[in-house]
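Chemist: Please read through the structure below; I'll follow up with questions.
We did not get these values from a lab; they are worked out from the coordinates using the rules stated. Since we're looking at a predicted model, the values are computed, not measured. Heads up, the Cβs are rebuilt from the backbone with ideal geometry, glycines too, and the neighbour counts pull from every protein chain shown.
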Amino acid sequence: MYRYDEFDHRFVRERVGQFRDQVERRLGGELSEAEFKPLRLMNGVYLQLHAYMLRVAIPYGTLSSAQMRRLAEIADTYDKGYAHFTTRQNVQYNWPKLKDMPDLLDDLADVEMHAIQTSGNCIRNVTTDQWAGVAADEVADPRPVCELLRQWSSLHPEFSFLPRKFKIAVTGAPRDRAAVAVHDIGLRMHVNADGARGWEVLAGGGQGRTPMIAITVREFLPEAELLGYLEAVMRVYNLHGRRDNKYKARIKILVHELGADAFRAQVEAEYAKLGSPTVDVEQRELERISAYFAPPVYDELDETCVPFELAKNENREFAWWVKSNVSAHKVSGYAIVNISLKPTGGIPGDATSQQMFVVADLAEQYSHAEIRVTHRQNLVLPDVRLSDLYTLWIELNSAELATANVGLIGDIVACPGLDYCALATARSIPIAQDVSERFEDLKRQHDIGSLTINISGCINACGHHHVGHIGILGLDKKGEEFYQITLGGSSDENASIGTILGPGFAGDQVADAIETIVETYLGLRADDEPFIETYRRVGAKPFKEALYETA
Amino acid sequence: MSGKILTANRVNDGDVVFFTSDHQWSLRISDALFAEDEAVLELLEDQLRLAETGTEVTDAYVFDAEKFDGVLRPRHIRERIRTLGPTVRADLGKQSNGTGGAFSAVS
Amino acid sequence: MRLLKNGEFFEDTWLTLDNEEAVPQGADILVSAERLQAEFGTLMLHNGRLGVVVANDRAVDDIADYLEVIDTVVLEFPSFTDGRAYSQARKLRGSLKFRGGLRATGNVLPDQLAFMRQCGFDTFEVNGRFGLDVWQRAVTAMTLTYQGGYVPDRGFAPADVWSARAGNADDTLRSDFEEIWTA
Ligand code: SF4
């Protein structure tokens with residue numbers, strides 16, 4: 001993975017120093033809250049329901065064991081012994097004190113991490129496929145370009161006060177695990193007939209109160225033109241994005257109001273005027289970065305591993321875990337291990353410092369000291385030998401990290417909701433806990449198969465409910481929490497926005513409603529047809545009838 | 001009995017605080033000045049404006065509360081959770097150290 | 001209001017004229033882009049310096065034809081969170097190749113000064129709230145930038161990381177900055 005050089009180190013240290021100065025000026029009364037707020041936000045510091053919250057960037061979701069250990073230490077030193085992994089591959093601390101923040105950021109800088117631009121109306125942490133570099137279906141590892149974009153967007157002089165926040169997602173594989181179609185800009189790698197790499201540029205996707213699927217602005221942009229082209233897109237948005245209404249300020253509204261063709265034309269006109277990009281990166285810089293992402297040295301292993309097969313036959317629980325949590329690796333004899341942060345009745349995405357230390361150790365022992373964070377709030381050990389899977393599983397089990405539900409109904413995504421978030425209209429976590437307890441039976445989960453549930457505690461949609469196969473949105477009706485259910489959302493290469501089924505439900509009725517939906521699906525599915533395909537085949541009607549008209 | 005309470009977060013550590021009758025900020029809702037009439041409410045609103053420019057607290061606002069048997073309880077679930085701590089972690093927040101309030105967040 | 005330029009404060013001697021106001025002989029004047037377009041024939045003969053104020057919802061391309069005789073362009077930050085003028089400035093300095101004075105007005109604060117300079121502003125309309133030391137500290141807090149092309153050609157500028165990596169010694173040396181602040 002990428003390592004800072006002297007410049008990256010100095011840049012982040014200076015940024016911490018600058019923030020230290022800003023915090024001192026705030027505490028000393030020189031800066032008002034109105035002036036300080038945008039500055040703290042540019043460093044990921046929010047004020048939440050109970051306390052400050054710090055969001056730390058995990059660039060493109062890749063962490064080393066040393067970094068994970070430091071995140072755990074920070075949870076113990078400055079917080080309350082746990083951290084929350086988010087739907088944007090970041091990590092959040094819920095209780096840090098403002099006066100400690102500069103020291104905390106210095107501790108992060110020691111391990112080449114920061115909180116730059118994890119909030120504010122600027123270009124946010126770039127996200128990507130959690131299996132980047134190891135996925136069997138990948139064209140190429142997208143992370144060198146992600147790192148280039150991280151540097152290019154850090155404290156960008158022109159694009160730090162945009163109309164609204166700006167999120168970029170990148171995928172190097174045809175199976176889209178990065179949800180590029182619901183981002184402000186999505187980048188999808190292609191190789192053309194001459195074997196040259198390029199990027200499909202999508203823009204104007206998003207969630208929130210107006211969910212939209214992105215349009216393709218360019219089908220194939222040669223890689224060397226990427227930064228210049230992005231500059232043109234960003235400039236059009238910075239100049240013309242709406243600033244009169246914060247709910248209409250995202251780029252998706254500009255794309256929608258102009259229309260796809262007019263937006264494309266504006267970008268192309270701006271790009272043509274550019275001549276050369278303001279920030280020009282020589283090919284050798286991309287090569288320098290790419291060298292850090294060279295694959296590790298893999299052992300030459302057989303495609304099958306007999307002891308592993310035996311263990312699967314002998315231990316049903318292990319077999320289940322392998323089925324749901326282990327994925328195909330591009331190198332023979334290796335596997336990708338997905339660690340569920342969704343124990344039954346647990347808080348989605350939360351990990352104790354103890355668990356984080358364990359994951360750091362296991363990564364060191366079994367996975368080239370590398371860890372990934374997924375946008376479904378789970379963790380990944382990307383490089384595990386088949387022959388190590390059983391021992392690894394035992395060790396994960398003793399840290400309560402071996403729940404065999406990744407991709408299944410128990411693997412629920414939920415934002416912090418009203419238990420933590422100042423903007424929430426309802427709680428999300430208790431709903432996730434209820435539903436996961438209702439479907440506690442692993443055999444039943446495996447029988448139901450691939451199914452995503454996403455829960456947001458307000459219309460901001462941090463829980464990505466619009467793109468959950470089943471989406472749950474928490475709202476407030478005269479001081480009472482109630483929940484709206486959508487069906488048919490998806491964030492993959494066939495992205496779609498879910499449809500609202502009908503009137504909402506009280507909190508204690510949600511698990512029943514989900515069960516009705518699932519039973520309806522099981523009655524309708526053909527053979528092994530996954531939920532989303534059944535839904536696409538039969539539509540919302542049978543589910544609506546089952547939910548609302550049976551009484 | 002219903003009335004209003006002035007709340008904010010302390011700037012240096014972010015803790016939730018309530019404005020008290022001796023014009024301090026307290027961590028406990030039980031210390032809060034409970035405005036049941038116009039005059040006290042005006043005082044809270046003056047203090048709110050003061051708080052906006054000061055350095056001790058931030059994000060001050062007034063919320064609806066009620067008083068039964070001497071216990072102050074926020075009307076809205078949001079404020080009750082904010083006063084107690086996360087409903088999913090009884091070991092965290094004011095509820096964990098006795099500075100919360102003698103009420104439940106959800107009922 | 002006074003002006004911050006080249007590391008010092010100056011009195012603002014420019015006159016901002018309403019669209020109807022008579023043009024005083026010999027004075028340095030600022031007019032709106034509308035007036036510039038409507039009265040360019042007479043304004044170009046004015047015997048003081050000529051500047052134009054461009055609102056931030058207006059395309060700077062509109063004044064492209066007049067840039068040769070214009071001394072100063074003034075761009076507005078109605079609030080420091082409204083960042084349109086950064087892109088206007090970048091276009092003026094970039095594709096429009098404007099080399100005259102570029103002034104920022106409105107909600108200009110120390111914490112944004114570095115970004116403004118990098119986008120090409122060289123003059124800043126400021127109130128008396130902050131001393132020179134505060135402005136200087138704000139500009140010199142970061143000695144490095146990843147956006148090399150935005151580095152201005154005058155005054156203190158952070159060194160360009162990517163160019164420094166490519167072995168350009170100038171860029172590593174630039175970070176000895178103290179005396180450059182006033183250049
Ligand atoms: S969706 Fe709403 S409640 Fe949930 S984290 Fe986002 S802003 Fe908070």
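Chemist: Between C:F10 and C:R129, what is the label-to-label distance in nm when each label sits 7 Å out along the Cα-to-Cβ direction?
Modeler: According to this spin-label approximation, the distance is 2.4 nm.
Chemist: Considering chain B as a Gaussian network with a 10 Å cut-off on Cα pairs, which listed residue, B:R82, B:R28, B:R49, attains the greatest mean-square fluctuation?
Modeler: Of B:R82, B:R28, B:R49, the most mobile in the Gaussian network model is B:R49.
Chemist: Give me the number: length gained by fully extending A:S276 to A:A422, i.e. 0.36 nm times residue separation minus the C-alpha to C-alpha distance, one decimal in nm. Could the numbers behind the result be given before it?
Modeler: Working: separation 146, 0.36 × 146 = 52.56 nm, distance 4.37 nm.
Roughly 48.2 nm would be gained on extension.
Chemist: Does segment A:412-551 come out rounded, prolate or oblate by the C-alpha gyration tensor, with a ≥ b ≥ c the root eigenvalues, rounded set by a/c under 1.5 and, if not, prolate when a/b is larger than b/c and oblate if not?
Modeler: Prolate shape, in that a/c is at least 1.5 and a/b is the bigger ratio.
Chemist: Which pairs break 25 Å Cα to Cα here: A:K37/A:K99; A:K80/A:K165; A:K167/A:K246; A:K312/A:K443; A:K37/C:K5; A:K99/B:K94?
Modeler: Working: A:K37/A:K99 15 Å; A:K80/A:K165 29 Å; A:K167/A:K246 16 Å; A:K312/A:K443 15 Å; A:K37/C:K5 28 Å; A:K99/B:K94 20 Å.
Violating the 25 Å Cα-Cα cut-off are A:K80/A:K165; A:K37/C:K5.
Chemist: Counting C-alpha atoms alone, how compact is segment A:122-236: give Rg to one decimal and Dmax as a whole number, in angstrom.
Modeler: When restricted to Cα atoms, segment A:122-236 yields Rg and Dmax of 13.5, 42 Å.
Chemist: Averaging the inverse of every distinct alpha carbon separation and then flipping it gives the Kirkwood radius. What is it for segment B:1-46, in angstrom units?
Modeler: Every distinct Cα pair counted, the radius reaches 10.8 Å.
Chemist: May I ask you to list the lysines whose Cα is less than 16 Å away from that of C:K91, ignoring any residue fewer than eight positions away on the same chain?
Modeler: List returned: A:K273.
Chemist: Taking amide H positions as placed in the peptide plane 1.01 Å from N, state which residues far from C:F98 in sequence (5 or more) or on other chains have amide H under 5 Å from it.
Modeler: C:R93
Chemist: If you don't mind, another one. Please flag any cysteine in the protein assembly as shown that has no other cysteine's Cβ under 4.7 angstrom from its own Cβ.
Modeler: So far as the 4.7 Å Cβ criterion goes, A:C122, A:C146, A:C305, A:C421, A:C458, C:C119 stand without a partner in the protein assembly as shown.
Chemist: Could you tell me the ratio Rg/Rh of the protein assembly as shown? Both radii from Cα atoms, Rh via Kirkwood.
Modeler: On the way: Rg = 28.4 Å, Rh = 28.8 Å.
Here Rg/Rh amounts to 0.98.
Chemist: Here is a follow-up. Obtain the radius of gyration and the Kirkwood radius of segment A:306-398 from its C-alpha atoms and give Rg over Rh. Intermediate values should be presented prior to the final figure.
Modeler: Details: Rg = 12.8 Å, Rh = 13.5 Å.
Reported Rg/Rh (Cα atoms, Kirkwood Rh): 0.95.
Chemist: Now a separate question. In debye, nearest 20, what is the charge dipole magnitude of segment A:6-110 about its Cα centre with +1 on Lys and Arg Cβ and -1 on Asp and Glu Cβ, if you could check?
Modeler: Working: 15 positive and 16 negative charges, 67 e Å.
Using Cβ point charges on Lys, Arg, Asp and Glu, segment A:6-110 gives about 320 debye.
Chemist: Check cross-link reach from A:K544 to the aspartates and glutamates: straight Cα distance under 15 Å, and skip same-chain residues fewer than eight apart.
Modeler: A:K544 reaches A:D512, A:E515, A:E519.
Chemist: PRE reach from C:R2 (point 7 Å along Cα→Cβ): which of segment C:118-150 fall under 15 Å by backbone N?
Modeler: C:124-136
Chemist: Full extension from A:T344 to A:E437: what is 0.36 nm times the residue separation minus their Cα-Cα distance, to one decimal in nm?
Modeler: On the way: separation 93, 0.36 × 93 = 33.48 nm, distance 0.57 nm.
The span from A:T344 to A:E437 would gain 32.9 nm if fully extended.
Chemist: Which ³J(HN,Hα) values, rounded to whole Hz and listed in residue order, are derived for segment A:407-419 from phi using the Karplus coefficients 6.51, -1.76 and 1.60 in 6.51 cos²θ - 1.76 cosθ + 1.60 with θ = phi - 60°, glycine and proline given as x?
Modeler: Karplus values, whole Hz, x for Gly and Pro: x, 9, 5, x, 8, 8, 8, 9, 6, x, x, 5, 6.
Chemist: Have a look at A:H256, A:L386, A:L105 and report the one farthest towards the positive end of the charge dipole of chain A, computed about the Cα centre with Cβ charges (Lys/Arg +1, Asp/Glu -1).
Modeler: Selected residue: A:H256.
Chemist: May I pose another question? Using only the alpha-carbon atoms of segment A:250-344 as identical scatterers, what base-10 log of I(q)/I(0) does the Debye formula give at q = 0.10, 0.23 Å⁻¹?
Modeler: The Debye formula, applied to the Cα set alone, gives -0.67, -1.20.
Chemist: Cross-link candidates for B:K67: which aspartates and glutamates have Cα within less than 12 Å, leaving aside residues fewer than 8 places away along the same chain?
Modeler: B:E36
Chemist: What number, rounded to the nearest 500 deg cm²/dmol, is the helix-based mean residue ellipticity at 222 nm of the protein assembly as shown, given -39500 (n - 2.57) per DSSP H run of at least four residues and division by all its residues?
Modeler: The helix contribution divided over the protein assembly as shown gives -9500 deg cm²/dmol.
Chemist: What net charge is computed for the residues neighbouring A:P530, neighbours being all others with C-beta under 15 Å from the C-beta of A:P530, Lys and Arg scored +1, Asp and Glu -1?
Modeler: -3
Chemist: Still on this model: For every other residue with a beta carbon closer than 11 angstrom to the beta carbon of A:T520, add +1 if it is Lys or Arg and -1 if Asp or Glu, then tell me the sum.
Modeler: Around A:T520, the charge tally is 0.
Chemist: Okay, moving on. R0 = 45 Å: FRET efficiency of A:D527 with B:R75, Cβ-based, nearest 0.05?
Modeler: 0.25
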